[in-house]
Structures are given as C-alpha cells and as structure tokens.
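So the structure is just underneath, and the comments pick up after that.
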Amino acid sequence: MNEKTKSFLFKGWILLSTLIVLAIVFYIFGYILSNGIESINMEFLLDGPSGIPVGSQGGIFPAIVGSLLLMLISCVFASILAISTSIYLVFYCESERIKGLIHLITQCMSGVPSIILGLFGYTFLVLYLNLGRSVLAGGLTLGFMIYPFIQVRVEKTLLEVDKSIINSSYALGISRTYTLFKLILPICKSDIVSAITLAGGFAMGAASPIILTAAVTFAPIPSSLSSPVMALPFHLYILTGEGISLEKAYGTALVLILLLLIINIISTIINITRKEHK
Amino acid sequence: MSILKINNLSVSYGNKQVIKDLSMNIARNKITAIIGPSGCGKSTLLTSLNLMIEENGGSISGEILFKDKASISYEKADIRRMIGMVFQTPTPFPFSIYKNLTYAPKYYGIKDKKELNRIVEDTLKEVGLYDEIDDLNMLATKLSGGQQQRLCIGRALTVEPEILLLDEPCSALDIRNTENIEKLLLDLSDEYTIVIVTHNLSQAKRISDYTAFILDGELIEYDTTDKVFTNPKDNRTREYIEGIYG
Ligand SMILES: Nc1ncnc2c1ncn2[C@@H]1O[C@H](COP(=O)(O)OP(=O)(O)OP(=O)(O)O)[C@@H](O)[C@H]1O
Ligand SMILES: [Mg+2]
C-alpha cells in the first residue's frame, strides 16, 4: 500500500467515525424528541405529578425545581472546595509530597463509582450527621462527585497562566493575594465558569448519588434545605422502572436534555461576553 | 553618585554558582548596559537587583546597597516598587490598556477616578503611546509588539520607581520599534536610573553611559561605554566586542 492510499483510507476512517458519532447523537436526540414532544405542554411543565400510581398523570414541575436546586447546591459546595484546593496547590503549597498526596486523593475520589458515593452520603450525611433524606444531603453528595472534575480543570487553568505575566505583577511589588484576585482569577474566570457549568450538568443528570440521599417519588417543591425533593433523573428512573408511564418518561428525558442544553448555551454566552469585556 | 552599590555579590541556583563575587556601582540617572555571552549570568544579576531572583529559585549572598541601605533590610515589596522591571518578551496583562496602567496604582491605594485617569494619560504620554491609541478599553494584547513593550515600560512607571531594569527589551522587536524604545529610554534617563541587559552591542553603544562586560558570572570590565568600546583594558572584552564569542 503506498502513502497516498494509506492517507486516503485514514481520512476516510476519520470521516466515517465522525459521521457515526454524529448520527448516533442525532438519533438519540431525535428519538427522545419525537417520543417526548407529545407529552410536553404547560400542564406537564408547571404542575406536580398526580394520578394513581403517582406520575401517570400531571407534570414534573417539582422535579425540575428539585434538579436545579441539587445542581446549585452541588456546584456551590464543590466549586468552593475545588477552587480553594487548586489555588493552594498552585500558588501556596511548597511541598511536593503534599501536592502528590492531594492529587492522589482527588484521583481516588474521581474513581469512586457514583452509587458508592450515594451510599457514603446516606450513611454519613443522612444518618450520621442526621441531615435526613434532603436536598442538602443530595446536593452535598453530588458535590463530592463533581469536586474532582472541577478541581482538575481549575488547577490546569491556573497552571496555564503565563509565569512571566505573574512575575510582572510581583515585580511591581504587588502581593500574592492581590495578584491572585485581580490578575490570575480574572484571567481564568471564563475557564473556571465553564468547568463549573459542565460539572453542574453532570450533577443534574446523575441519579445514583441521590437515590439514597435526596430523591423521592413524590414531594412538593422543597420548603427548606432539609426537605426531600423530586429530581428529573430519579423521576425518569421511577417512571420507567416501575412501568408507570413510558410516555411521561420520554417527556421527562426531553426536559432534562433541554435543560442541560440551555445550561451549556448560557455558559458559552457568558464566556463569549466575558472575553470581549476583558 | 551611585544609587546602587553591589558588593561581592554571589548568586547560585541550588549548588550551581552563577554570579561570582561581583562588585559594581550603578550611577544615578544614567543608562548602564550589561553585556556578555549567553548564559554568563546577565539576567541573574539583573533579577538579583530587585530580588525577583527569589521567585526563580536563586539565592544571593553578598551585599546590595540601595541608596546606601542594604536592599534586604527593605520590605521586598518596597524594593520591587522602587526598582521596576521590564521583561524580554512583552508581558501585557490580558485586560484593557486602561486596566494595565491602573492595576498597580489601585493596589497602592489610589481610588480616585480622576487621579487614575491622570496617571493613565501621563504614563501614555511619557512612553509615547498617547497619540497612537484611541481606545483605552482596547485589549492590551492587541497592540503591536513594540507598543506592548512600551506599555509594559509605562506600567512599571505607574508606581514611580527610581530604577528601571530591562532584560533585553528589544530582542523580540524589529528595527523601528527598537529605535522607538531606545529613544524612550534616553528620554527617561533624565528622571530614572536605567540598567539594561542587551545582546546588541551597537544598542549598548548608542544609548548607554556605562557598560559592564560579564563573562561566566564575573565582571571583566566596567567603565564608560566610550572607553569599553574604543579602548578596552581586558583582552577578553576586546575579543567579545570584536565578535569572537558571538
Ligand atoms: N531558574 C534557574 N534555575 C537554575 N539555573 C538557572 C536558572 N536560571 C538561569 N540558570 C542558569 O544560570 C546561568 C545564567 O543564566 P542567565 O539567565 O542569568 O544568563 P544570561 O546571561 O541572561 O543569558 P541569556 O543571554 O541567554 O539571557 C545559566 O547557566 C542558566 O542555565
Ligand atoms: Mg537573559
């Protein structure tokens, strides 16, 4: 085989793989869209579930609110921890051993299956800390799940800031803290925001960490952080798993996907406008 | 009149000694050029003067007197404010031109909008950018290389230093931009003491009052630029100037 045919075949292979992946994505999306669009209407989006068994009638509004709340709590919790850890590792930690240890812990955390994180959340948060099955316990558990995801990305972004730019700030006699808050973080802001939104989407779609810690089949919009909640992925699981209503399940899936899409679009827009304003 | 006195300075990275027992005085409001082959320790010497060497993992022994007081007895931040530095490749912050120039003044407590505007305007005039820029909100990274370097010089001037250290500030620039910067440095030397590391011997000849030649971390020759270039005392200086070391 000569070089020309080789490169021709290679290009063909790349093109084919791309097409296959695109086709699968569009197929999934189209399938859910065509099956789910029927059940989407005002009532479905804005009402609570009803009927016997619960969920066979009515809507999913409490689940939408619940999922958004869980995402918010997990993002706040995980990003505070992740950003602080990354800043410590990149700018303050002098010891290679401590750095290695923290990296090891982060890696282990990201390797823990999410159902086991759920179990941990259940024993530690729900039972031991007595938070009960609640939106707070679920949010924190999801936070543990996305923490490594955010930490790794934020650390990478911080490391990518040009050392000579940082040094020019130090060379003006300016302190580390000011340099961090007024120079480094603003430079990294858009990357950090997009890492957090991606992680938020990840958290919103996850069912296993919340099965034991937060989600219930039916609940109104939570009145406090200690109330249990409905959540889209769990609702989806119940609707199909218990054979309640396949039609409503597709509707729920479509809403979940659209929400994730909207979140990603918002983060892209934030990124673009931020970059223009810098 | 020496603003800086360097006495028996040695600098090492780990156990590798780069500057060896070097002594020299820097004259106030003059331009001093530091020349020497690559790797001889020019940047190391320069960064020792504002203690930036510590950020690069070097350690110094010996004495540096800034206005007759040991530089280590000052706060590190104060030394760096009074001895500004400009790097080899331009390092504008990826913010607007305005923000680049107000970044340091804000840190030093200037909040008044009018005062900040004045600093920005004066600085831009000082470095000759005032007429070249029409939008202060433009990203500084969108300026040309030469403009960026002048902005960086301006940024160093916003904290009102007394000495300006420049490490090969023109090596990434073309001839015209180099001329601009040289002219700027000549103007600035009325007010500031300038120490410039350069690979470009004719640049040293054009702008500096004094020239120091360094070889392997040792000061070989240090005199007025005129003498160093027309009548060097040391043979190694002569060889370097005639282009033996390249
Ligand atoms: N951060 C560092 N850690 C260890 N060694 C270093 C460090 N920086 C410089 N050196 C070494 O110190 C010596 C002098 O380096 P320096 O950068 O001062 O030379 P220079 O004269 O500025 O060279 P050039 O003209 O190429 O810029 C070199 O041998 C270099 O390898
Ligand atoms: Mg150098």
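Read-outs: derived from the displayed coordinates by stated rules, not from any lab. Worth saying up front: this structure is predicted, and the values here are computed from it rather than measured. FYI the Cβ positions are ideal-geometry reconstructions off the backbone, even for glycines, and counts take in every protein chain you see.
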Discussion item. It is to be established whether one or more residues within region B:26-48 are more than 30 Å from residue B:151 (Cβ to Cβ), touching a residue at least 12 places away in the same chain (Cβ under 8 Å) and away from ligand 2 (no atom under 14 Å from the Cβ).
Written reply: no
Practice prompt. Working carefully through the options A:74, A:110, find the one that is touching a Ser or Thr at 6+ places or on another chain (Cβ under 9 Å), in a helix (DSSP H, G or I) and polar (S, T, N, Q).
Written response: A:74
Worksheet entry | Residue, farthest from the other protein chains (Cβ to nearest Cβ), within region B:15-25, restricted to residues that are touching a residue at least 12 places away in the same chain (Cβ under 8 Å) and within 11 Å of ligand 1 (Cβ to nearest atom) | B:17
Worksheet item: Right, residue A:75: within 30 Å of residue A:159 (Cα to Cα) and crowded, with 16+ Cβ neighbours inside 10 Å or not?
Response: yes
Worksheet item: Among A:180, A:142, which is the only one that is within 30 Å of residue B:154 (Cα to Cα) and either within 14 Å of another protein chain (Cβ to nearest Cβ) or not β-branched (Val, Ile, Thr) (or both)?
Response: A:180
Worksheet entry | residue B:40, sole failed condition from (1) within 8 Å of ligand 1 (Cβ to nearest atom); (2) over 28 Å from residue B:206 (Cα atoms) | (2)
Item to complete: Collect the residues in region B:46-82 that are away from ligand 1 (no atom under 16 Å from the Cβ) and at the interface with chain A (Cβ under 9 Å from one of its Cβ atoms), keeping them in residue-number order.
Response: B:75, B:76, B:77, B:78, B:79, B:80, B:81, B:82
Discussion item. Checking residue B:6 against (1) over 18 Å from the mean Cα position of the chain (by Cα); (2) closer than 17 Å to residue B:162 by Cα: exactly one of these is not met. Which one?
Written reply: (1)
Worksheet item: Just to be sure, is residue A:249 without any contact (Cβ under 8 Å) to a residue 24 or more places away in the chain, assigned to a helix (DSSP H, G or I), touching a Ser or Thr at 6+ places or on another chain (Cβ under 8 Å) and buried (at least 22 other Cβ atoms within 10 Å of the Cβ)?
Response: yes
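Let's see how each residue does on (1) under 24 Å from the mean Cα position of the chain (by Cα); (2) touching a residue at least 12 places away in the same chain (Cβ under 8 Å):
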| residue | (1), (2) |
| --- | --- |
| B:101 | yes, yes |
| B:105 | yes, yes |
| B:113 | no, no |
| B:118 | no, no |
| B:123 | yes, yes |
| B:130 | yes, no |
| B:144 | yes, yes |
| B:150 | yes, yes |
Worksheet item: Out of (1) more than 16 Å from ligand 1 (Cβ to nearest atom); (2) in a loop (DSSP other than H, G, I, E, B), what's the single condition that is false for residue B:88?
Response: (1)
Worksheet entry | Residue list for region B:84-125, restricted to those being more than 9 Å from every other protein chain (Cβ to nearest Cβ) and either of a type in the set (Ser, Thr, Tyr) or buried (at least 17 other Cβ atoms within 10 Å of the Cβ) (or both) | B:90, B:97, B:98, B:100, B:101, B:102, B:105, B:116, B:119, B:120, B:123, B:124
